[in-house]
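**Student:** Sharing a structure with you now.
The values are calculated or read from the model by the stated rules, or taken from the named source; none is laboratory data. Here the structure is a predicted model, which means the values were calculated and not measured. Here the Cβ positions follow ideal geometry from the backbone for every residue, glycine too, while neighbour counts run over all protein chains shown. Note: areas computed on protein heavy atoms with side chains; ligands, DNA, RNA excluded. Shrake-Rupley method; radii C 1.70, N 1.55, O 1.52, S 1.80 Å.
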Amino acid sequence: MSERQKRYQQAMSQGHSAAWDLEWDQAASYYQQALDEIADDPKALTNLALAWFKLEDYNKSLEYYLLAAEGNPDDPVPLEKIATLYDNLGQTNDASEYAARAGKNYFEEKNIDKAIENWSRAISYNSENTDAHARLAIVYERLGRKTQAAREYLHVASLMQHDGHQDKAFHAVKRALNILPDSKEALQSLNMLQAGTMLPKPARPKGGTGILGDLKEKPAPKIEKPKEQVDSDLNPIDEAYRKALSSLARLFFEQSSSDAEHESDSERNLPAVVDGSTGPVFTKNADQESIMLHLGQTVELQTYGKNEEASDALMAAINAGLNAPSAHYSLGVLLVKNQRLESAVRYLQRVTAHSDYALGSYLLLGDISFQREKYKRAAVRYLEALRTADAMIVPAEQADELRELYDPLIEHQSRQQDDSENLKLSENVSELLVRPNWRQHLKNARHELGVHQNGDPPIPLAELLIESKSSDIVTAMSLVRRLAREGHLEAALDKILYTLEQAPTYLPLHIVLGDVLISKDCLSEAVQKFKVVAHAYSIRGEARRAVAMQKRIIELMPMDLDVRKQLVEHLLSFGQVDDAIKETIQRAEIHYSLAELNEARVAYSYALELAQQAENTNQWVVRILHRIANIDRQSLNWRESMDSYKRICGLAPNDENAYSNLIDLSFRLEEPDQALKYTDQFVIFSNKHKLPEDALSFMKKLALEQADQPMIFHRLAEQYQRMELIAETIQQLNKAAELLIEVGDKAGARNMIKQIAKQDPKNAREYQKLFEAL
């Protein structure tokens, strides 16, 4: 390395250190020194540009990003930064141009998601960017996203018409009609073109409720230990984000410091503990070396506020097999910051069920829908966020019941067609939750509801924000539960039936009806009601609730095989493979107990298929194959049974039961040589692994089971001989000789006597006489 390169490396290192400490003025100085050593160096240029951006000198930042883009025009990253800076400087046309160029570069790199995001940004800066509209139209069409493709073609048509290109405008409208022949908007545009009426120009997309804007402006937080009262100065989104970043950093450093080849069981489970998840944070075939590489890059890039690069590195880690909830949430937030909203939705939806990230995810999903002007969906997401937050501040024993009471409110809102009402609700929830000290603010709001009677459920905070008949349902639920507790079952039943007329689709009320029916000893009617509820949850896509109902049905009716089959499907839908295997085996065992062997074998075979997806595949496969082999043996399908036992022996070479059955079936099929081969396999394996006692125990048991097989006693004698137990060796050889004499195999018997003679027995003369007589 030359002296100049050494000075360059030292300056860059000092710049990184200063950036880590958020000393951006010092970082800028060091990066400038590095640039003085190696002019036009891409890393120095981009780091210096970032430093000036953090110092809010946007003109200088823009200057260096422009130099970086000029030196490498095919790199989309500087172009994205330039677009952001031009937008901050109010030069929206330039911002739109550079965002479109970034999209083109990403498209050439086959990174379609980022291409779409940048072309969408270009349009948000300048709604009349024809090139961006046209490229989006083509890409959406190729991706099969017909509605979006048709809309973009109509935007292109409008812009072409206003530029005086009438033929191109007609062509664009016809492309839209080819994609969506029944589109009223496209047909209307065609009629307007034919009539010579000017089409409306595309409007610039409107902003959201403010969450996305806040995220875009804020620098990435430095990874550090959380403060003692982190909720006192952070809103829920940033609070969850800091927790996720801290979790990722710990995951990286803890996992990197352990030796994967020598780690204990507790160490192997460390990533899940670090991340706060209950399942594995790596997928089955994860490339952990690649994950750690990309995760390290993510931590470093995030520290320097390089959100685009950090999101790419984190996405690469997830694609390599990282399955941590903190990774999905962090990537969702980074994608939101980068205005890659469509991609962000996919990752945020994965963690809405995780306690640490549910609230932040719902708020972001709500704001994304708001920004897209999908106000009904936004309102539902915000209500889900409020339900999550509300349940966090009430006593733990009330949380589940409170969540349930939000169901009618959310259901009512999902049918609300008035956009002004949905918009108002979204803004109200956002204002209520997206603030520092949000927990205390919620507690104050809850206090305004007043005190409710003991035994009544807590009142949802949503009732402060919306007015609907759903509040009557909440009151009715409270009354029904009190009546049931007091034993007034008929009165409770009457109240339920009356309330169902007002809210026939409110499923928790149907569940309460089932509970009352059980109390009245109407078990079959209650089970039928629970089946209807489970089916309704399944149709709604609420698999977890469907599972809860199906498990309850099985507790009441354990022999209901149809429900067990449906339960397996739902368990598989959200990745609970082991639970699905257990339920499938349970179903098979019910068939077996009813002597339905064919049905049992079919169920076990399906469980065997599922086992290929499990984390501990071999353990499941061995367990299931034993059951299949047993059924085949009882059905006299001995060859099929042997095939299963052979597979078991290959997976578990110390499985005595499998070898015993394999040997027995070989003798039954009159294949003694095969039986001895399998006997030798187990004995050799046990002795090789220094388990002679296991081999001896196996052979003694086998000799009892195969008492008429002389060569089994011969093998037992050989094991005694290996263990230098001479008297026992002679005894077993003698038994083998006797059996051979009984079947008329004098040559075999003479061979046994020869082996006895080699042991120098006390009565050697008698054995010699016997040998001569034979």
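**Student:** Would you mind calculating the relative contact order of the stretch 653-726 from Cα pairs under 8 angstrom and at least 6 residues apart, reporting the percent as a whole number?
**Tutor:** So the answer I get is 25 percent.
**Student:** At 1.4 Å probe size, put VAL333, VAL434 in order of accessible surface, largest to smallest.
**Tutor:** VAL434, VAL333
**Student:** Give the span of the chain's Cα atoms along each principal axis, as three whole-Å numbers ordered largest to smallest.
**Tutor:** 119, 91, 62
**Student:** If packing is taken as the average count of other Cβ atoms within 10 Å, what order do 533-539, 427-433 fall into, highest mean first?
**Tutor:** Highest-to-lowest ranking by the protection proxy: 427-433, 533-539.
**Student:** Still on this structure, please answer the following. For the stretch 343-374 and the stretch 85-124, write down the distance between their C-alpha centroids in whole Å.
**Tutor:** 24
**Student:** For GLU501 and GLU525 in the same chain, what is the full-extension length gain: residue separation times 0.36 nm, less their Cα-Cα distance, in nm?
**Tutor:** 6.7 nm
**Student:** If I stretch the segment between LYS565 and LEU22 completely, what's the gain in nm (0.36 nm per residue apart, minus their alpha carbon distance), one decimal?
**Tutor:** Residue separation times 0.36 nm, minus the Cα-Cα distance, leaves 189.8 nm.
**Student:** Here's another thing I want to ask about it. When Lys and Arg each count +1 and Asp and Glu each count -1, what net charge do the other residues less than 14 Å away from GLN768, Cβ to Cβ, add up to?
**Tutor:** +3
**Student:** While we're on this one: Among the lysines, select those whose C-alpha is under 20 Å from the C-alpha of LYS700, and discard any that sit fewer than 8 residues away in the same chain.
**Tutor:** Once the sequence-local lysines are set aside, what remains near LYS700 is LYS677, LYS688, LYS690, LYS735.
**Student:** Relative to the compact-globule scaling 2.2 N^0.38 Å, provide the ratio for the alpha-carbon radius of gyration of the stretch 143-186.
**Tutor:** Here the answer is 1.07, to two decimals.
**Student:** Related question: Suppose R0 equals 22 Å; then what is the FRET efficiency for ASN285 and LEU651 from their Cβ-Cβ distance, rounded to the nearest 0.05?
**Tutor:** Efficiency at R0 = 22 Å is approximately 0.75.
**Student:** Still on this model: Given q = 0.22 Å⁻¹, what are the Debye log10 I(q)/I(0) values for the stretch 492-570, with equal point scatterers placed on the Cα positions and solvent ignored?
**Tutor:** -0.98
**Student:** Okay, moving on. Per DSSP H run of at least 4 residues, take -39500 (n - 2.57); add these up for the chain, divide by its residues and hand me the 222 nm value, nearest 500 deg cm²/dmol.
**Tutor:** -24000 deg cm²/dmol
**Student:** Round to the nearest 10 and report in Å² the accessible area of HIS714, as given by a 1.4 Å probe over the protein chains' heavy atoms.
**Tutor:** 20
**Student:** What is the stretch 710-774's relative contact order, in percent, from Cα pairs under 8 angstrom and six or more apart in sequence?
**Tutor:** For the stretch 710-774, the relative contact order is 27 percent.
**Student:** Please report the net charge: other residues with Cβ closer than 15 Å to the Cβ of ILE38, K and R +1, D and E -1.
**Tutor:** Combined, the nearby Lys, Arg, Asp and Glu give -1.
**Student:** Measure nothing fancy, just the Cα-based angle from helix 130-143's long axis to the longest principal axis of the chain, in degrees from 0 to 90, nearest 10.
**Tutor:** 20
**Student:** Here's something else I'd like to know. Enter the angle in degrees (range 0 to 90, nearest 10) between the Cα long axis of helix 3-20 and the first principal axis of the Cα atoms of the chain, meaning the one along which they spread out most.
**Tutor:** That helix lies at roughly 80 degrees to the long axis.
**Student:** Continuing with this model, one more query. Which entries in LYS81/LYS184; LYS104/LYS374; LYS81/LYS201; LYS81/LYS168 show an alpha-carbon gap greater than 30 Å?
**Tutor:** Cα-Cα > 30 Å for LYS81/LYS184; LYS81/LYS168; rest within.
**Student:** Same structure, new question: Per residue, how many Å² of accessible area does the stretch 646-774 show with a 1.4 Å probe?
**Tutor:** Counting only protein heavy atoms, the per-residue value for the stretch 646-774 is 57 Å².
**Student:** Next question, about the same structure. At a Förster radius of 41 Å, what calculated FRET efficiency corresponds to the Cβ-Cβ distance of GLN417 and GLU615, to the nearest 0.05?
**Tutor:** 0.35
**Student:** Rank these residues by their accessible area, most exposed first, probe 1.4 Å: LYS701, LYS746, LYS376.
**Tutor:** Reading off the accessible areas and sorting them downward yields LYS746, LYS701, LYS376.
**Student:** How big is the Cα convex hull of the stretch 102-179 in projection, averaged over all directions, in nm²?
**Tutor:** The directionally averaged projection comes out at 4.7 nm².
**Student:** Quick check: pseudo-label points 7 Å beyond the Cα along Cα→Cβ at LYS700 and GLU108, how many nm apart are they?
**Tutor:** 7.9
**Student:** So what's the angle, to the nearest 10 degrees on a 0 to 90 scale, between helix 726-742 and the longest Cα principal axis of the chain?
**Tutor:** 70
**Student:** Next question. Which of the peptides 658-667, 76-85, 606-615 is most tightly packed, and how do the rest follow, judged by the mean count of other Cβ atoms within 10 Å per residue?
**Tutor:** So the peptides 658-667, 76-85, 606-615, ranked by packing, come out 76-85, 658-667, 606-615.
**Student:** Per q in 0.21, 0.34 Å⁻¹, report the Debye log10 I(q)/I(0) for the stretch 341-384, using one uniform scatterer on each alpha carbon and no solvent.
**Tutor:** -0.58, -1.19
**Student:** Next up: Rounded to the nearest 10 Å², what accessible area does GLU705 show when all protein chains are kept and the probe is 1.4 Å?
**Tutor:** My reading of the accessible area for GLU705 is about 90 Å².
**Student:** Here is a follow-up. Got a sec? Charge dipole of the chain, +1 on Cβ for Lys and Arg, -1 for Asp and Glu; which of VAL434, TYR592, SER355 is way out at the positive end?
**Tutor:** TYR592
**Student:** A further question on this structure: What ranking of MET198, MET699 comes out by heavy-atom accessible area, probe 1.4 Å, highest first?
**Tutor:** Descending accessible area places them as MET198, MET699.
**Student:** Could you report the accessible area of ARG633 in Å², rounded to 10, computed with a 1.4 Å probe on the protein chains as they sit in the structure?
**Tutor:** Approximately 50 Å² of ARG633 is accessible to the 1.4 Å probe.
**Student:** For an R0 of 56 angstrom, estimate the FRET efficiency from the Cβ-Cβ distance between GLN5 and ASP579 and round to the nearest 0.05.
**Tutor:** According to the calculation, E is roughly 0.45.
**Student:** When you count, for each residue, the other Cβ atoms within 10 Å and take the mean per peptide, how do 671-680, 28-37 rank with the highest first?
**Tutor:** 28-37, 671-680
**Student:** Right, next: Any idea how far apart LEU594 and ARG142 come out in nm if each label point goes 7 Å out from Cα toward Cβ?
**Tutor:** 5.4
**Student:** Taking the C-alpha atoms of the stretch 79-124, how large are the radius of gyration and the largest Cα-Cα span, Dmax, in Å?
**Tutor:** When restricted to Cα atoms, the stretch 79-124 yields Rg and Dmax of 9.7, 31 Å.
**Student:** Extending each Cα 7 Å along its Cβ direction at ASP182 and ILE539, get the distance between those two points in nm, one decimal.
**Tutor:** Each label point lies 7 Å from its Cα, and together they span 2.1 nm.
**Student:** Report the gain in length on full extension from LYS677 to ASP163: 0.36 nm times residue separation, minus Cα-Cα distance, nm rounded to one decimal.
**Tutor:** Extra length available between LYS677 and ASP163 comes to 176.4 nm.
**Student:** Find out how many positive minus negative residues lie around GLY332, taking Lys and Arg as positive, Asp and Glu as negative, among other residues whose Cβ is under 9 Å from that of GLY332.
**Tutor:** With Lys, Arg at +1 and Asp, Glu at -1, the net is +2.
**Student:** Compute the relative contact order of the chain as a whole-number percentage, counting only Cα pairs closer than 8 Å that sit 6 or more residues apart in sequence.
**Tutor:** For the chain, the relative contact order is 5 percent.
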